[in-house]
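Heads up: the structure comes next, in structure tokens.
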Amino acid sequence: MSFKKNIISISYLLLSLQIIISILGTNNYTVSIPYLKYYFDIIVFLALISFIITFFSRTIKVKELVFIVLWLVISIITFITTKDVLVIANALMIISARRFSLKQMVQTVFFANLFSLATTLLLFILGFVSDNTNGTLNKHSFGLSHPNQLGAVLMVLILCSAYWFVHGSKNIKFILVILNVPFLLLLNSSGSRGGLLASLLMFFILMLYYFKANVLYRIGLFVGIFFFCFSLYSTSTSVYTNGSILNKLDTLMTNRVRMNNVFMTNYGIKLFGQQITYTGGSSLMYYADYAYLDNGYLRNLINFGVAYSLIFYIFILSIMRKVNQLHLYSVYIIIIPMLTYGFVEEGFTSFLTNIVLLLTSVLFVSKEKERD
């Protein structure tokens, strides 16, 4: 038993390292560090180790084997087509997470992000990393690669702290409430629309959890389906029509919505995805200074294809359904805000930000008490 626990403990450590490397490896260092360009290769390597060692923690059942093979086959084919290693990293960690305890996973993600944020802020104060204002005075990264990355880190901290708040002792609750004050202040300074929207929605979901928890499944379904469908609608040419809903939303989001139409028009949707050219500078192809697909739902569809998107969303819907069956309503505090976040941020496509992808263990338990 102790051997199996040690194996899983290593998996939590590897997850922490992946999160820390993903944040510290992309910071705005004032001095160039050549080796940092390999940061994601290290993350994938750690995901592979985690994937391998979880096979020693318990006998694999037929249901698990089918799950593993399905994720691996679709992800490998998608990787061959897109050359984007993110799909492999996601698959490896989604499979590894079937051995995670919900509570310990959330705490691991919380502390890894908190350590990374604190370290980055210290480096910023010492002058080793620089601020990225993204060309505006009201957005700051305080040493992280981009204001939106700062927003993503803070959003994850806020969502994890809310889940932990529900299950924590009085002392823990007090500490988490105190911590959320600087979290929210920094989140506001980041100017991250996605992070702010998801965090504010979380407080509403938290209230519902205490007063009407049994409606959260239906709300989650509605939110997920709505934003998926609205993402598809946002590829419409009406985004260029003055006064239209999409045009107004595009103005509010500084021309980010029209990129949905641009990428859909230029690439379309393929079964196993395709290689996409993104640019942060001028581009003759897009007639814009910015050509990036921020919408996580569309990034899955256009970049990674129908097959990968199908297994990705069926996976999330299955988790939501199982959470409802097990009465683990507090998990919706994380799920529903993250479904909203996906409409405006591509971080939704990665387990490093979208920790819903690490809730796999829910699918392989039959009783609530088995989740830990």
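Could you please tell me which pairs satisfy a Cβ distance under 8 Å, a separation of 6+ or placement on different chains, a first residue in the range 10-36 that is over 22 Å from Ala152 (Cβ atoms), and a second residue that is hydrophobic (A, V, I, L, M, F, W, C)?
Ile10/Ile53; Ser11/Ile53; Ser11/Phe100; Thr30/Phe128; Thr30/Val129; Val31/Phe128
Determine if the range 119-132 includes at least one residue that is assigned to a helix (DSSP H, G or I), under 17 Å from Leu24 (Cβ atoms), touching a Leu at 6+ places or on another chain (Cβ under 8 Å) and not β-branched (Val, Ile, Thr). Full working, then the answer.
Within the range 119-132, the subset assigned to a helix (DSSP H, G or I) is 119-126.
With the extra rule that they be under 17 Å from Leu24 (Cβ atoms), the set shrinks to 119-126.
If we keep only those that are touching a Leu at 6+ places or on another chain (Cβ under 8 Å) as well, we get 119-120.
Checking which are not β-branched (Val, Ile, Thr) leaves us with none.
Scanning the range 119-132 turns up no residue that is assigned to a helix (DSSP H, G or I), under 17 Å from Leu24 (Cβ atoms), touching a Leu at 6+ places or on another chain (Cβ under 8 Å) and not β-branched (Val, Ile, Thr).
Only helices (runs of 4 or more DSSP H) wholly contained in the range 155-248 count here; list those with 1 or more residues that are under 20 Å from Ala112 (Cβ atoms) and free of Cβ contacts under 8 Å to residues at least 12 places away in the same chain. Walk me through how you get there before you give the answer.
Values: elements: 170-190, 193-212, 216-233.
Filter on the range 155-248 gives 170-190.
Identify all residues within the range 300-314 that are surrounded by fewer than 20 Cβ atoms within 10 Å (Cβ to Cβ) and under 14 Å from the mean Cα position of the chain (by Cα); write none if there are none.
Once the filter is applied, which keeps residues that are surrounded by fewer than 20 Cβ atoms within 10 Å (Cβ to Cβ) and under 14 Å from the mean Cα position of the chain (by Cα), the range 300-314 yields only Tyr313.
For the structure I just gave you, tell me whether Lys103 is over 30 Å from Lys270 (Cβ atoms) and either in contact with a Lys or Arg (Cβ under 8 Å, 6 or more places away or on another chain) or surrounded by fewer than 16 Cβ atoms within 10 Å (Cβ to Cβ) (or both).
Numbers: over 30 Å from Lys270 (Cβ atoms): yes; either in contact with a Lys or Arg (Cβ under 8 Å, 6 or more places away or on another chain) or surrounded by fewer than 16 Cβ atoms within 10 Å (Cβ to Cβ) (or both): yes.
It is true that Lys103 is over 30 Å from Lys270 (Cβ atoms) and either in contact with a Lys or Arg (Cβ under 8 Å, 6 or more places away or on another chain) or surrounded by fewer than 16 Cβ atoms within 10 Å (Cβ to Cβ) (or both).
Taking the residues in the range 326-346 that are in contact with a Gly (Cβ under 7 Å, 6 or more places away or on another chain) and in a helix (DSSP H, G or I) as candidates, determine which candidate is surrounded by the fewest Cβ atoms within 10 Å (Cβ to Cβ).
Here the residue is Glu346.
I need the full set of residues from the range 81-113 which are in a helix (DSSP H, G or I) and without any contact (Cβ under 8 Å) to a residue 60 or more places away in the chain, in order please. Walk me through how you get there before you give the answer.
Here is the first cut: in the range 81-113, the ones in a helix (DSSP H, G or I) are 81-82, 86-99, 102-113.
The answer is Ile88, Ala91, Leu92, Gln107, Phe110.
Within the set of pairs 6 or more residues apart or between chains, which connect a residue that is basic (Lys, Arg) inside the range 251-264 to a residue that is outside any helix (DSSP H, G or I) with Cβ atoms less than 7 Å apart?
Final answer for the pair search is Arg256/Asp294.
Of all residues being surrounded by fewer than 21 Cβ atoms within 10 Å (Cβ to Cβ) and either of a type in the set (A, V, I, L, M) or assigned to a strand (DSSP E or B) (or both) in the range 276-299, which is modelled with the lowest pLDDT? Just the residue, please. Full working, then the answer.
Filtering the range 276-299 down to residues surrounded by fewer than 21 Cβ atoms within 10 Å (Cβ to Cβ) leaves 276-292.
Add one more test, that the residue is either of a type in the set (A, V, I, L, M) or assigned to a strand (DSSP E or B) (or both), and what stays is 276, 279, 283-285, 288, 291.
Values: Ile276: 89, Thr279: 73, Ser283: 43, Leu284: 39, Met285: 46, Ala288: 52, Ala291: 75.
Among those residues, the one meeting the criterion is Leu284.
The values are calculated or read from the model by the stated rules, or taken from the named source; none is laboratory data. Everything quoted here is computed from the prediction, not taken from an experiment. Here the Cβ is made from the backbone with ideal geometry for all residues, glycine too, and neighbour counts use every protein chain on show.
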